[in-house]
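Q: The structure that follows is given in the form of structure tokens.
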Amino acid sequence: MLALLGGRAVRTRPFTRWPVFGGLEEERLIRTLRSGNWGRLQGSEVSEFEGRFASMHGCRHGIAVANGTVSLRIGLMAAGIRAGDEVVVPGYTFISTASAVVEANAVPVFADIDPHTFNIDPGEIERAITPRTKAIIPVHFAGQPADMDAILAIARRHGLIVIEDAAHAHGARYRDRPAGSLGDMASFSFQSSKNLTAGEGGIITTNDDRLADACRSISNCGRVPGGLWYEHHVVSGNYRLGEFQGAVLNCGLDRLEAQTVARD
């Protein structure tokens, strides 16, 4: 019988307060406030976080952005996904996995999941591929990595880009390799329910120098990385992450391992 109807409750204690924060966050936020360098182009918090997070996930590059939805969209744009292209996504995921594809003017094609893992079924990916397919976005649902060996083999056979949706998978590993380093790119989220959060935020990780430069440009109004301030070679918007969020994320990164163990 449901506890609501008088049965025994499954849980008798309230959930732990979330997010976790303390003096470290307060100190770092006040330091950022007093510095007057609140935007990432003037400050150092976001740059520091990008390097630390990318290294932790086995990647040379991390591009921090406003949220985990735009990080997917930026990854698709950097990969050259265009109008009419098809991108295979799982049928069970948060809307952003598919809506980012639509925002890139492409077509999401849904492939069913494995009922035992809730992750995309590689066999269903194969069946979903057409001559218009250009990319696959596997989701590491609830932090459990998808079957990346099988997915990458399919991608190689068909010449497809793989963008990991690792929104839930901070610190996760697949066959002793970090999530976020398995595909061509990966997208992480720092939305408030994640085990590493700044309320909002996202990051793209990659080991591909060309894709990293493209992501940096797209996230920064289409500017040429290392170029002139008013040199824009791509039509794009401002998706940069702010220094206050960077400060919180640097503190959260120090706690990530312990918090992940507690969550598990």
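Q: T12 versus L228, label points 7 Å from Cα toward the beta carbon: distance in nm?
A: Each label point lies 7 Å from its Cα, and together they span 7.2 nm.
Q: What does the charge dipole of the chain about its Cα centre add up to, to the nearest 20 debye, if the Cβ of each Lys and Arg holds +1 and the Cβ of each Asp and Glu holds -1?
A: Working: 27 positive and 29 negative charges, 83 e Å.
Dipole of the chain, to the nearest 20 debye: 400 debye.
Q: Around R177, with a cut-off of 15 angstrom between Cβ atoms, what is the net charge of the other residues, counting Lys and Arg +1 and Asp and Glu -1?
A: Within the 15 Å Cβ shell, the charges total -2.
Q: How would you rank H168, H158, going from fewest to most other Cβ atoms within 10 Å of each one's own Cβ? Provide the component values of the computation, followed by the final result.
A: Numbers: H168 20, H158 16.
Arranged by neighbour count, lowest to highest, H168, H158 become H158, H168.
Q: Please give, to one decimal in nm, the separation of the simple spin-label points placed at V102 and L5, each 7 Å out from Cα toward the Cβ.
A: 3.7 nm
Q: Then there is this: Sorted from fewest to most neighbouring beta carbons within 10 Å, what does the list F244, F190, F110 look like?
A: Values: F244 19, F190 29, F110 16.
The fewest-first ordering by Cβ neighbours comes to F110, F244, F190.
Q: Same structure again: What distance in nm separates the two pseudo spin-label positions at L33 and D149, each 7 Å out from Cα along the beta-carbon direction?
A: With each label point 7 Å from Cα toward Cβ, the separation is 5.2 nm.
Q: What is the Cα centroid distance between the range 29-76 and the range 215-264, reported in whole angstrom?
A: If you average the Cα positions of each part, the centres end up 3 Å apart.
Q: Decide, for the chain, between rounded, prolate and oblate: order the square roots of the alpha carbon gyration tensor eigenvalues as a ≥ b ≥ c, take rounded if a/c falls under 1.5, and otherwise choose prolate if a/b is larger than b/c, else oblate. Could the numbers behind the result be given before it?
A: Details: a/c = 1.90, a/b = 1.01, b/c = 1.87.
It is oblate, given that a/c is not under 1.5 and a/b is not larger than b/c.
Q: If you don't mind, there's one more thing I want to ask. Quick one: order V248, V235 by neighbouring beta-carbon count within 10 Å, fewest to most. Kindly include the intermediate steps, with their values, before the conclusion.
A: On the way: V248 25, V235 8.
Fewest-to-most ranking of V248, V235: V235, V248.
Coordinate-derived values only; no laboratory data. As the structure is a prediction and not an experimental result, all values here were calculated from the model. Glycine also receives a Cβ, built like all others from the backbone with ideal geometry; neighbour counts cover every protein chain displayed.
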